[in-house]
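The block underneath contains the structure these notes are about, expressed in structure tokens.
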Amino acid sequence: MKGKRLKVKIKKIINDVSEEEKEIGLSEETELYEDELSLDSLDVATLSVKLEEEFGKDPYTEAQKNGNTFPEKVGDILKFYRHQK
């Protein structure tokens, strides 16, 4: 899955996990853990599971396996899936 459909699907999953009451217009620059979304560790675990269920892999588990840093922005998650085969 590429392009706009991928972006829409990932943004929907992130919005579902986020407990923010306000509507947030997510962009690739939206930070996952700071003021905009403020995801906590339980949110991140939930996000990881939902992404893996949807796409078969998740950027958190892969980062841990490969010694990379976890995604910090929405764009980091999009980039991960854009580079999957």
Output for the stretch 48-73, where each listed residue is over 19 Å from T30 (Cα atoms) and of a type in the set (F, W, Y)
F55
Give the residues of the stretch 47-82 that are in a helix (DSSP H, G or I) and basic (K, R), sorted by residue number.
K50, K65, K79, R82
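Every residue, every condition in (1) within 16 Å of L78 (Cβ to Cβ); (2) at pLDDT below 90; (3) not in a loop (DSSP other than H, G, I, E, B), yes or no:
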{"residue": "K4", "(1), (2), (3)": "yes, yes, yes"}
{"residue": "K9", "(1), (2), (3)": "yes, no, yes"}
{"residue": "G25", "(1), (2), (3)": "yes, yes, no"}
{"residue": "E29", "(1), (2), (3)": "yes, no, no"}
{"residue": "E34", "(1), (2), (3)": "no, yes, no"}
{"residue": "L37", "(1), (2), (3)": "yes, yes, no"}
{"residue": "L42", "(1), (2), (3)": "no, no, yes"}
{"residue": "A45", "(1), (2), (3)": "no, no, yes"}
Of the residues in the stretch 54-85 that are free of Cβ contacts under 8 Å to residues at least 12 places away in the same chain and more than 20 Å from D40 (Cβ to Cβ), the one that is surrounded by the most Cβ atoms within 10 Å (Cβ to Cβ) is K79
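Restricting to the stretch 46-75, name every residue that is among the small types (G, A, S) and closer than 14 Å to I10 by Cα. Can you show your working first?
Restricting attention to the stretch 46-75, the residues satisfying the condition of being among the small types (G, A, S) are 48, 56, 63, 67, 75.
Across the stretch 46-75, the qualifying residues are S48, G56, G75.
The values are calculated or read from the model by the stated rules, or taken from the named source; none is laboratory data. These numbers come from a predicted model, not from an experiment. Neighbour counts are summed over all protein chains in view; Cβ atoms, including those assigned to glycine, are modelled from backbone coordinates with ideal geometry.
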